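Working notes, structure below.
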Amino acid sequence: MKIIKDIPKLKPRKADSHKGDFGRVCIVGGSIGMSGAAALAGRAALRAGAGLVRVAVPKSVLPIVASIEPSYITIPLAEDGSGRISAKAINTILDAVNNNDCLAFGPGISTSGALRLILETLIEQEHLRLLIDADGLNNLSAIKDWPTRLKANLILTPHPGELKRLWTGLFREPLPSERQKQAGKLAKQTKTVVALKGTGTVVTDGQKVYINKTGNPGMATAGSGDCLTGIITALIGQGLSNFDAAVLGVHIHGSAGDIAAEKYGQISLIATDIIDSLPEAFLQR
């Protein structure tokens, strides 16, 4: 695979721009007890430059999510008895597909048969730019032969445990020990962009690969991955290709984490510190 070292850049903003020029994006996530994940992704998407951010969550957690950040729009979704998004929400989610430039699915979403049904429907949507993260990936790994049904333009952002579950569902051969080979085969076989998170995050489309150099151990904290989801989704909305959005996203995410670590130390670093450091990270670009 071709090794990529240059970091993509966003185009300068024109003086007569409006919010529609910088992407309408939607985060689908959240469940009872996990409302913060969707909120973090939504806040990160705003700080990463998306013109309009919608956060679609189960209706019972919507007041919590809405109270965290006034700058995104919230969408109430039908839910089951456990506070997870139910199959009855599918039409509302498909409306979001039509009204947004890209969609992220997974932060705090939990797992269920209904969520797998929703995800099956989403991956079959032609021209949809879709990022799947967190429990979205765990739901995906339970869908048999999902690559054969894939029509959406997909980014996967697994941590090592989520990648292992995806691998087990797709391949008979053992998981290679080398992270670049893991991500590369998954991306090539599924025709997706993969960002395998961890020390030296690997971004690949199966043909070219980028190994991230930013970030620090303080970012190993709950919610950090949700922030990355929001950042990459925002960059897709601003017109970058899936690969370029993932490369710039993991670089900026790590840079913001490094800035936050300098301010607060690695031990005390939390996910909101990463979001609060995004403006300085973008200024350094």
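The values are calculated or read from the model by the stated rules, or taken from the named source; none is laboratory data. In this text the structure is predicted, and so the values were computed from the model without any measurement. Cβ placement follows ideal geometry from the backbone for every residue including glycine, while neighbour counts extend to all protein chains displayed. SASA here: full protein model, heavy atoms, side chains in, ligands and nucleic acids out. Shrake-Rupley method; radii C 1.70, N 1.55, O 1.52, S 1.80 Å.
Cβ-Cβ contacts under 8 Å between residues 6 or more apart (or on different chains), taken from a first residue in region 164-189 that is surrounded by 13 or more Cβ atoms within 10 Å (Cβ to Cβ) to a second residue that is of a type in the set (Gly, Ala, Ser) and part of a helix (DSSP H, G or I), are listed as 165/141; 166/141; 169/141. Among the residues of region 143-163, how many are open to solvent by 50 Å² or more (accessible area, probe 1.4 Å), in a helix (DSSP H, G or I) and touching a residue at least 12 places away in the same chain (Cβ under 8 Å)? Within region 143-163, residues that are open to solvent by 50 Å² or more (accessible area, probe 1.4 Å), in a helix (DSSP H, G or I) and touching a residue at least 12 places away in the same chain (Cβ under 8 Å) number 2. In region 15-49, the qualifying residues are those that are open to solvent by 10 Å² or more (accessible area, probe 1.4 Å) and in a loop (DSSP other than H, G, I, E, B), and the one that is nearest to residue 255 (Cα to Cα) is 49. Screening residue 94 with (1) closer than 18 Å to residue 130 by Cα; (2) open to solvent by 20 Å² or more (accessible area, probe 1.4 Å); (3) free of Cβ contacts under 8 Å to residues at least 60 places away in the same chain; (4) touching a Gly at 6+ places or on another chain (Cβ under 9 Å) gives one miss only, at (4).
Considered as a group, the residues in region 50-73 that are touching a strand residue (DSSP E or B) at 6+ places or on another chain (Cβ under 9 Å) and among the hydroxyl-bearing types (Ser, Thr, Tyr) include one that is surrounded by the fewest Cβ atoms within 10 Å (Cβ to Cβ), and that residue is 71. Screening residue 119 on (1) in a loop (DSSP other than H, G, I, E, B); (2) free of Cβ contacts under 8 Å to residues at least 40 places away in the same chain; (3) open to solvent by less than 40 Å² (accessible area, probe 1.4 Å); (4) not β-branched (Val, Ile, Thr) shows it passes everything except condition (1).
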